[in-house]
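The structure appears below as structure tokens.
The values are calculated or read from the model by the stated rules, or taken from the named source; none is laboratory data. Computed from a prediction, not measured in an experiment: that's the story for all the values here. Neighbour counts run over all protein chains shown; Cβ positions are idealised from the backbone, glycine included. Calculation scope for accessible area: heavy atoms of the full protein, side chains included, ligands and nucleic acids excluded. Shrake-Rupley method; radii C 1.70, N 1.55, O 1.52, S 1.80 Å.
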Amino acid sequence: MQPQQPSVDKLIIAVVRNDDANTIVDELVKRRIGNTRINTAGGVLRRGNVTLLVGVPASQVDETLDVIRENVSGQPLTGKGQTGDNRGVAFVIDAGRYVRV
């Protein structure tokens, strides 16, 4: 008999500054929120950044977004083509299927 897999209803794709990634990942791990870190560049933040893939039950979406929000640092990036609070961005999408391999 295989162990029960956790229910993953949502996939959070968060793009954060490279400088903030370790703190965010450490806090997610403390809360037993699994994640995958991908080092990326350009696009949303126009510099070295990290994309975090976080699969969670729907009930954990707000907690996870709070962890990310509370652990980004520095001033918002403003300049050509950028407005507002650009310390990171997160997308929350439905996870059609979650399978551990």
Original post:
What pairs can you find where one residue is in the stretch 46-62 and more than 18 Å from residue 94 (Cα to Cα), the other is polar (S, T, N, Q) and assigned to a strand (DSSP E or B), and their Cβ atoms are less than 6 Å apart, with a gap of 6+ or different chains?
Top reply: 49/40; 50/39
**OP:** From 49, 39, grab the single residue that is modelled with pLDDT under 95, part of a strand (DSSP E or B) and surrounded by fewer than 16 Cβ atoms within 10 Å (Cβ to Cβ).
**Re:** 39
**OP:** Write out, first by first residue and then by second, each pair whose Cβ atoms fall under 8 Å of each other, whose residues are 6+ apart or on separate chains, and whose first residue, in the stretch 10-36, is open to solvent by 70 Å² or more (accessible area, probe 1.4 Å) while the second is of a type in the set (D, E, K, R).
**Re:** 18/47; 31/63
